[in-house]
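Since the structure comes first, as structure tokens, the remarks are kept for the end.
The values are calculated or read from the model by the stated rules, or taken from the named source; none is laboratory data. Small disclaimer: the values here were computed from a predicted structure and weren't measured. Neighbour counts run over all protein chains shown; Cβ positions are idealised from the backbone, glycine included.
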Amino acid sequence: MVVGEFERAFAAGQFDDVANLLAAHGVGVWLPEAGGPVEVGSVMHRALMTLLGAQSQREVVRARQRTMTAMRRQVVEQGRYLGGRAPYGYKLVDAGPHPNRVHARWGRRLRKFAPDPTTARNVRWMFAQRVAGRSAASIARELTGRRVQTPSGRHGAAGEWSERTVIEILRNPRYTGRQVWNRTSTDRSQRAAGADRFAQDRNGMGKWVVSAVVAHPALVSEEDFVAAQSARVVRTGVDGNVHIYRYVGLLQCGECGRRMDAHRVHGRPGYRCRHGHRSSRTRPADAPSNLYRREDQLTVAIVDRLSRQGCRIGGDLDEIEAFLRARRAIVICHRDEVNISLRRCGRRVAATNLTAGCGRRRGRRHNPRAESKPHGQVPS
């Protein structure tokens, strides 16, 4: 195997990953920088390949940074579509010749989103229902019952809508007419388990790249999109009254880790976890019993937990809810106690570490070197 340009052949430690495999099959590698064939057992050649791999990795990082910068500018300034499947409710249409003359001579053309006459109305309906206070699970059930086509193109029982699918649609800002890029990132250091592809992670909203101009026809207004993100689920009981649940989305079961559902407990607002059980299935004999927590009892427990850690907060329900949601809290519920985890400075801290930022000032870090010198004297 002759390698003319090592920058295009390997980077970082990739050569070490395949060198032994090639040697086992009797395949040699010839490299100009090595003056001929690479000797796998030579310490000098190993050091040389490590150095060349580092130089190649440096060029890879620089090229990636230049490409990412150019793609960001194309999205922000031009609202250009950079690839991928069209969101549900849209279809891809021709947007004219490519602005790059070389690409245009190759026959490449730009593409953009246009409303799909079949599915666009479903997206508008979902946003309208969410703004009106309907839950994502309820929306998914009605779409399945009406045999509405799913994003995968299926109908009927095989095309059952899931709550996660509805939530992903409601959270997609592309429906406002803005082009959005970099919502996900690829971790090239590891592959997904059992797959021949790299693992992908969702980026925070601060890393999203949003176009400054409207790039395609909007299916919902920006006001309705923002309202859908903060919409509160309005539940109507069998008595016809509307019931408000303050801690929806904040409670997590301490036994199985699932998110707890809003549920009336003896005529009072409360929450429950059925540990994955569904009413349509028969409960196993050894299944754990449901976890129930009343909202008024949870409020007392939450205030007590925060007050013991130095967080000054009153007993007003609006204040408690605003405090927890502003800090993206997770209230872990057990049968006889609660634990609270808050997000601070981009990381999550447990309730036992909440003294800083909750009414108390963080103390100075102990510095024995500073104590050994008088005030104003510079240590030698």
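A single member of 132, 128, 136, 95 is touching a strand residue (DSSP E or B) at 6+ places or on another chain (Cβ under 9 Å) and not assigned by TED's automatic domain parsing to the domain that holds residue 261, and it is 95. Residue 100 falls short on exactly one of the conditions (1) at pLDDT below 85; (2) assigned by TED's automatic domain parsing to the domain that holds residue 21, and that condition is (2).
For residue 292, indicate whether it is assigned to a strand (DSSP E or B), farther than 27 Å from residue 229 by Cα and modelled with pLDDT of 85 or more.
So residue 292 passes the test.
Residues in the range 9-45 that are in a helix (DSSP H, G or I) and in contact with a helix residue (DSSP H, G or I) (Cβ under 8 Å, 6 or more places away or on another chain): 14, 15, 16, 19, 33, 34, 45.
For the range 117-141, a residue qualifies if it is in contact with an Asp or Glu (Cβ under 7 Å, 6 or more places away or on another chain) and not aromatic (Phe, Trp, Tyr), and the qualifying residues are 131, 136, 137, 140.
Cβ separations smaller than 7 Å between residues 6+ apart or across chains give the following pairs from the range 327-346 residues that are crowded, with 16+ Cβ neighbours inside 10 Å to residues that are of a type in the set (Gly, Ala, Ser) and at pLDDT 90 or above: 332/254; 333/254; 338/301.
Based on what the data block shows, is residue 70 in a helix (DSSP H, G or I), over 19 Å from residue 210 (Cα atoms) and modelled with pLDDT of 85 or more? No, not satisfied. Here residue 175 clears all of (1) more than 20 Å from residue 214 (Cα to Cα); (2) touching a residue at least 12 places away in the same chain (Cβ under 8 Å); (3) among the hydroxyl-bearing types (Ser, Thr, Tyr) except the condition numbered (1).
Among the candidates 61, 131, which residue alone is under 27 Å from the mean Cα position of the chain (by Cα), farther than 25 Å from residue 227 by Cα and not basic (Lys, Arg)? So that I can check it myself, show each step before the final result.
Values: 131 fails: farther than 25 Å from residue 227 by Cα.
Testing whether each residue is under 27 Å from the mean Cα position of the chain (by Cα), farther than 25 Å from residue 227 by Cα and not basic (Lys, Arg) leaves just 61.
When residue 65 is tested against (1) in the same structural domain as residue 24 (by TED's automatic domain parsing); (2) surrounded by 12 or more Cβ atoms within 10 Å (Cβ to Cβ), only condition (2) is not met. Pairs linking a residue in the range 79-106 that is touching a residue at least 40 places away in the same chain (Cβ under 8 Å) to a residue that is of a type in the set (D, E, K, R) and surrounded by 10 or more Cβ atoms within 10 Å (Cβ to Cβ), with Cβ atoms under 6 Å and 6 or more positions apart or on different chains, are 81/111; 81/112; 87/174; 89/116; 90/116. Being surrounded by 16 or more Cβ atoms within 10 Å (Cβ to Cβ) and either outside the structural domain of residue 256 (by TED's automatic domain parsing) or modelled with pLDDT of 50 or more (or both) is the requirement here; does residue 307 meet it? Considered against the rule, which asks whether it is surrounded by 16 or more Cβ atoms within 10 Å (Cβ to Cβ) and either outside the structural domain of residue 256 (by TED's automatic domain parsing) or modelled with pLDDT of 50 or more (or both), residue 307 comes out as no. Applying the condition of being of a type in the set (Gly, Ala, Ser) and either over 23 Å from residue 342 (Cβ atoms) or not in a strand (DSSP E or B) (or both) to the range 233-269 and asking which residue is modelled with the lowest pLDDT yields 237. The residue pairs whose first member lies in the range 39-54 and is on the phi < 0 side of the Ramachandran plot and in the same structural domain as residue 23 (by TED's automatic domain parsing), whose second member is of a type in the set (Val, Ile, Thr) and surrounded by 13 or more Cβ atoms within 10 Å (Cβ to Cβ), and whose beta carbons are closer than 7 Å, counting only pairs six or more residues apart or on different chains, are 45/38; 49/38.
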